[in-house]
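What follows is a single structure, written as structure tokens, with notes after it.
The values are calculated or read from the model by the stated rules, or taken from the named source; none is laboratory data. Since we're looking at a predicted model, the values are computed, not measured. Every residue, glycine among them, receives a Cβ derived from its backbone with ideal geometry; neighbour counts consider all protein chains shown.
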Amino acid sequence: MKQMKIQAQLPVSFLREGKAYIAYTPALDISTSGRTFAQTQKRFGELVELFFEELMDMGTLETVLLELGWEKQNKKWVPPTVVAQQLHSVSV
């Protein structure tokens, strides 16, 4: 199988939930966690690598990325652009 190299800047949100840290990217709709911020960053990098490896191995890379809103521009995959991230007050 032909190996494809993908380079992209992914938006990642890091959250604190109790004693755990959470990393989430809407560009791939995946998340991971860790006991420390550094561990969470490392795990996130590993998760992204595994995510793309699995998509390529299964032959579903294009289908999944298109479903996630990615576009192919000049033979390169480009993730959706985050236009804003803000806190939104709610009262229920």
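For residues in segment 63-79 being surrounded by 13 or more Cβ atoms within 10 Å (Cβ to Cβ) and touching a strand residue (DSSP E or B) at 6+ places or on another chain (Cβ under 9 Å), which is nearest to PRO26 (Cα to Cα)?
That would be PRO79.
Are any residues in segment 51-92 part of a loop (DSSP other than H, G, I, E, B) and farther than 15 Å from PRO11 by Cβ, and if so, which ones?
Across segment 51-92, the qualifying residues are GLY59, THR60, ASN74, LYS75, LEU87, HIS88, SER89, VAL90, SER91, VAL92.
Among the residues of segment 1-48, write down those that are at pLDDT below 95 and among the small types (Gly, Ala, Ser).
Scanning segment 1-48 gives a single hit, ALA8.
Out of the residues in segment 32-50 meeting the condition of being surrounded by 14 or more Cβ atoms within 10 Å (Cβ to Cβ) and either hydrophobic (A, V, I, L, M, F, W, C) or in contact with a helix residue (DSSP H, G or I) (Cβ under 8 Å, 6 or more places away or on another chain) (or both), tell me which one is farthest from PRO11 (Cα to Cα).
Selected residue: GLY34.
Report the residue count in segment 6-63 for those that are under 30 Å from ASN74 (Cα atoms) and either of a type in the set (Gly, Ala, Ser) or touching a residue at least 40 places away in the same chain (Cβ under 8 Å) (or both).
18
Can you pull out every residue in segment 6-41 that is basic (Lys, Arg) and either assigned to a strand (DSSP E or B) or under 19 Å from LEU65 (Cα atoms) (or both)?
ARG16, the sole residue that qualifies.
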